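Worksheet: one structure, shown below.
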Amino acid sequence: MRRRGDLLDVSNLRVVFDTYTGQVKALNGVELWMNHGERLGVVGETGCGKSVTALSVMRLIEEPGRITEGTILFEDKDLATLSENTLNTVRGKDIAMIFQEPVAALNPVMKVGAQIVENIECQRKSAALARVSDKAEPAADDGSPKKHGHRDTDSVKTMRDMLGHVGLDWQRTENLYPHELSGGMAQRVMIAMALSSRPKLLIADEPTSALDVTIQAQILNLLNSLVRETQTAVLLITHAMGVAAQFCDFIAVMYAGNVVEYGSLQAIFNNPLHPYTKGLLQAVPKIGRTDELQSIPGIVPDLIDPPGGCRFHPRCPHRRPECDKAQPGFEPVGGEAEADRHHVACFLYQRDQ
Amino acid sequence: MELGSFIIKRLFLMVLVIFGVLIIVFVVTRIIPADPVGAILGGNAPPATVDAMRHQLGLDKSIFAQLLDYLGGILRGNLGNSLVSSRPVMTDIMEFLPATLELAVSSIIFAVVLGVILGLLSAVFRNRFIDHFSRVFSILGISLPGFWLGLIMILIFYYRLGWLPNGGQYDMFLFPTRTTGLILLDAVIHGEWNVFFNGIKHLILPTFILGYSSTASIARIMRASMLDVLHQNYIRTARAKGLPRKMVILRHALKNALIPVITIIGLEFGGLLSGAVLTETIFSWPGLGRYIVNSLLTLDYPAISGGTIFIALIYSVVNLAVDILYAAVDPRMRS
C-alpha cells in the first residue's frame, strides 16, 4: 500500500480486549496518517476508541487488550511489530505522551523534578545506545539512567529550562510531590516532561478534559506555542469539537472503533460528508446559533457484539440496504483539493456503488 | 523538615499509649480475685504477718497512692519482685528478652524479605507458575497452625534427616560469652564463629515457624498492592518514557506497592510476639513468651504485668518505626 504520511501512517489497526463477557472489538480497522509538524485531532464520543488508538500507537495497550492486525508506520519503523526493547528507544524519545489526569499520571512518591530528569536521562541513554549500534538490541536493563535524583547537572539544567518554558518557577516546583500540585500545574509538568526530549510526535490524550475551563484555555495556548516553536507534530485526542477546531490542521472523526471521516479542518467543518460527522457538528452549541441543537438518535453500540457492516447503520438517517452487509471502504472523496486529504467510510459516497 | 515534627508527634502519642497500657495492667492486677499476700504466705499465715506483708507491699495504702507507687517504681525501672523466685522481675525479663528479640527480628526479616519477593513475582508473573506456587504457599501459611507445623518440621528435619536441632538457642556444650544477651551478636563481637553458626542452625526452624504466617499475609498484600499499582496511570507514564520493564517495576511500582505492606508489618510484629509464646514452648526457646507462660501457670502477678508491659513497649516502638518508615516512603503522609 502507498505510504500516506511521512511521520505516522496507521492502517487497518484492529485491537481487541478479551473480557469475561466476551471479546470487545475496540478498534475495527483504524486509518489515519500525518506528516512531520502537523496537528491531527481525533474526535468522537466516549468509548469510540480514541484513547485506545492513542495508546496503541505507543503500544501501551495493556492486558487483556492486544493488537490483532494492522500497521503503525512511524517514519521507517512499524511500531506494531517492533520488539519491546527497540520500542523503548522510540517511546519518550521520538513519541511522547501526555494524559487526561495529570496528577494521577505522575508517580506520587517521586519529586516532579526527578521525574522529568529521569525522562531526559532515559532518552540520552537510548540516543547514545542507538549511535553505538543500530542493529544490536539494547540489553534489558539499559536505556535507563543509572543515577538517581539531581546528580547529572546537564539533565538538571534541561529540566529547569523546561519548567521555565511551561511557565513554572523551578525553584518552587522541582522539589514538590505530585499531590502538592494543582491539576493545571501537574499538566504543565507533564508537558515539560514530554517535550524535554524534543519528540517528533506528541500524543495528547484529552489533555484538558479533567481541568477547570479557565485552565483548559491556558494549557491549550501553552501547548500551542510550545509545539509551534519546536515544529512538533501533535496527535490530539479530544471529545470537544471546539478544541479540535482551535488546535488542529487535520481531523479524524471516530465512531465505534473506526475512523469514519478524515480530512483537513476546512474539509471536515465546511463539507462534512459522513452522516455521523454531520450529526456531531449539529450537536455543537455556538453563540448566536438560533436553531435547535440536534442530537444523534440512538446509543453507542455494544462493542462485544457490534452491528454488522457499517457500525453506524442502526443510527444512520441515510441508511441504505447495503449498509448492514459490508463494512464500507475508507476512500478518498473526489472533486476536492489533494491537500485536503478528505476521506470517508460511507457507501453514500463510493463511486462504484 | 516536616518529617521531624511528624516523629515528635508520634513519640508523644506513643508515650500516651504506654501510659494507657500501664493503667490497664495496674487495674487488671488489682481487680483479679486473687490475693498476692495469700499467694506469697499461703492460706494459714497469722493475721499479724499478713498485715505486715500488706504494709510491706504497700497494699494498705489508698488505690491512688498505690498507682503512684507503681508508676514511680516503673519510672525507676523497678517492676517489683517475682513471687516465685523473689528475684526482681526486671532482672528476669532482661535475661529472657534478648532471646525473644532475636527470634522475632529474624522472623520478621524472613517474612518481609520472602513475602515481598513472592508477592512481587506473583503480581508480575500473574497466573504463571510462580504465582500459583506463591498463592498455595500463602494459603498454607495462613491456614496451618504453627504448633502442628513446628512439630512436623522437628519430625522431618531433626528426627528423620538430622539436619537441624530440635530446640534451644545453642548446643548445651557451648558456653558463649555474653555481653548484650543476643547470642548471634555476642558471637560476632567475640569472634566465636562456632557459636554463631550453631545459633543460626538453631534459629532456622523457629524463624520459619514463627514467620511463616506473616510471610503469607505479606505476600498476599504485596501481590494485591502490586497488581493495583501496575494499573495506575503513572506506570503508564513510566512506560511511555521508554523505561525498560524492569526499571518500571523496580523504580516506579515497587515503592508505591510497598506502602500498604509497611502498614501491616507493624501489625504482623504484634502477631509474632504473641505467636512467640507457642513457638518458644515448642522449641524450648528461653524467651519472654515462655517466661510469661510459666508466670501465668504459677500466678506470678508482678512477672505477668512486667512481661505485658515489655511486650506493649516493643510493639509500640515497632509501630512507631513503621509509622516513620511510612512517612519516609509516602510524602502524602507527612502533610
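FYI, it's all coordinate maths here, none of it is from the lab. For clarity, every value in this text was computed on a predicted model and none was experimentally measured. Every residue, glycine among them, receives a Cβ derived from its backbone with ideal geometry; neighbour counts consider all protein chains shown.
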- Task: Run the quick spin-label model on B:Thr49 and B:Met14: label points 7 Å from Cα toward the beta carbon, then report their separation in nm to one decimal.
- Result: 4.6 nm
- Rounding to the nearest 20 debye, state how big the charge dipole of the protein assembly as shown is about its Cα centre with +1 on each Lys and Arg Cβ and -1 on each Asp and Glu Cβ. 380 debye
- Can you put A:Met34, A:Met185, B:Met14 in order of Cβ neighbours within 10 angstrom, beginning with the fewest? B:Met14, A:Met185, A:Met34
- Within 10 Å, count the other beta carbons around each residue, average over each peptide in A:119-125, A:228-234, and list them highest first. A:119-125, A:228-234
- Query: Which of the DSSP-defined H helices in chain B satisfy a minimum axial length of 30 Å, computed from C-alpha atoms, and a minimum mean Kyte-Doolittle hydropathy of 0.5?
  - Reply: B:2-31, B:89-124, B:193-230, B:254-282, B:301-329
- Gyration tensor (alpha-carbon) shape descriptor, the range A:52-129, a/c threshold 1.5: oblate
- Estimated inter-spin distance, B:Gln56 and A:Ala127, nm [label 7 Å along Cα→Cβ]: 8.6 nm
- Under 14 Å from a point 7 Å along the Cα-to-Cβ line of B:Ala65: which residues of the range B:32-58 have their amide N that close? B:54-58
- Note on the structure: With +1 at each Lys and Arg Cβ and -1 at each Asp and Glu Cβ, the charge dipole magnitude of the range A:206-348 around its Cα centre, to the nearest 20 debye, comes out at 240 debye
- Task: May I ask you to work out the translational diffusion coefficient for chain B at 37 °C, viscosity 0.692 mPa s, via Stokes-Einstein with Rh from the Kirkwood sum over Cα pairs, reported in whole µm²/s?
- Result: 144 µm²/s
- Note on the structure: Between A:Lys77 and B:Arg128, the FRET efficiency computed from the C-beta separation at R0 = 41 Å comes out, to the nearest 0.05, as 0.85
- Query: In peptide B:244-251, what is the residue-averaged number of other protein chain Cβ atoms found within 10 Å of each Cβ?
  - Reply: 5
- Note on the structure: From fewest to most C-beta neighbours within 10 Å, the residues A:Ser83, B:Ser122, B:Ser305 line up as A:Ser83, B:Ser305, B:Ser122
- Among A:Val259, B:Val113, rank each residue by its count of other Cβ atoms within 10 Å, from fewest to most, as a rough exposure measure. B:Val113, A:Val259
- Query: Quick one: net charge of A:Ala339's neighbours, Cβ under 12 Å, K/R +1, D/E -1?
  - Reply: -4
- A:Gln282 and A:Glu336 label points (each 7 Å along its Cα→Cβ direction) are spaced in nm at 1.9 nm
- Item | Beta bridges by DSSP in chain A, antiparallel share as percent, to the nearest 5 | 60 percent
- Message: Which entries of A:Lys50/A:Lys278; A:Lys25/B:Lys241; A:Lys111/B:Lys241 have Cα-Cα distances beyond 23 Å here?
- Response: A:Lys25/B:Lys241
- Task: Using all C-alpha to C-alpha distances in the range B:45-84, build P(r) with 5 Å bins and read off the rounded percent in each one.
- Result: 6, 22, 21, 26, 16, 7, 2
- Item | GNM flexibility winner over chain A from A:Ala210, A:Ala192, A:Ala244 (Cα, springs under 10 Å) | A:Ala210
- Message: Need one value for A:89-97: mean number of C-beta atoms belonging to other chains within 10 Å of its residues' C-beta atoms.
- Response: 3
- Task: Over the range B:260-335, consider all pairs of different Cα atoms and compute the Kirkwood hydrodynamic radius from their mean reciprocal separation; express it in Å, one decimal.
- Result: 13.8 Å
- Item | Inverse of mean 1/r across different Cα pairs in the range B:239-282, Kirkwood, Å | 13.0 Å
- Per-residue HN-Hα couplings for the range A:42-51 [Karplus 6.51, -1.76, 1.60; θ = phi - 60°; Hz; x = Gly/Pro]: 9, 10, x, 7, 3, x, 8, x, 4, 5
- What shape does the range B:146-212 take by its C-alpha gyration tensor, where a ≥ b ≥ c are the square roots of the eigenvalues and a/c under 1.5 counts as rounded, a/b above b/c as prolate, and the rest as oblate? prolate
- Give me the Debye-computed log₁₀ of I(q)/I(0) at q = 0.15, 0.20, 0.23, 0.24 Å⁻¹ for the range A:1-76, equal point scatterers on Cα only, no solvent, two decimals. -0.52, -0.87, -1.09, -1.16
- What translational diffusion coefficient, in µm²/s and rounded to a whole number, does the Stokes-Einstein relation yield for the range B:131-283 at 20 °C and a viscosity of 1.002 mPa s, taking the hydrodynamic radius as the Kirkwood radius over Cα pairs? 117 µm²/s
- Message: On C-alpha positions alone, give me the angle between the axis of helix A:183-195 and the longest principal axis of chain A, in degrees, nearest 10.
- Response: 80 degrees
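Antiparallel as a % of all DSSP beta bridges within the protein assembly as shown, to the nearest 5?
Values: 31 of 50 bridges.
Given both bridge residues lie in the protein assembly as shown, the antiparallel proportion sits at roughly 60 percent.
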- At q = 0.11, 0.16, 0.23 Å⁻¹, what is the log10 ratio I(q)/I(0) for the range A:166-265, with the Debye formula run over Cα points and no solvent? -0.37, -0.74, -1.33
- Item | Within-12-Å neighbourhood charge of B:Leu103 [Cβ basis; K, R +1; D, E -1] | -1
- Message: Let me check the size of the range A:260-353 from its C-alpha atoms; what are the radius of gyration and Dmax in Å?
- Response: 14.4, 42
- Return an integer: the convex hull volume of the alpha-carbon atoms of the protein assembly as shown, in Å³ per residue. 244 Å³
- Item | Of the trypsin sites (Lys or Arg not before Pro) in the range B:1-82, those whose Cβ has at most 13 other Cβ within 10 Å and which sit in DSSP loop | B:Arg76
- Volume per residue, Å³, of the convex hull around the alpha-carbon atoms of the range B:1-42? 53 Å³
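Arranged from highest to lowest average of other beta-carbon atoms within 10 Å per residue, in what order do the peptides A:106-118, A:279-291, B:306-318 appear?
Ranked from most to least packed, the peptides come out as A:106-118, B:306-318, A:279-291.
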- Query: If you line up the Cα atoms of the range B:1-105 on their principal axes, what length do they span on each, largest first, in Å?
  - Reply: 65, 34, 23
- Item | Length gained when the stretch B:Ala321-B:Ile23 is fully extended (0.36 nm per residue, less Cα-Cα span) | 104.9 nm
- Classify the range B:197-300 as rounded, prolate or oblate, taking a ≥ b ≥ c as the square roots of the eigenvalues of its Cα gyration tensor: rounded when a/c is under 1.5, otherwise prolate if a/b is larger than b/c and oblate if not. prolate
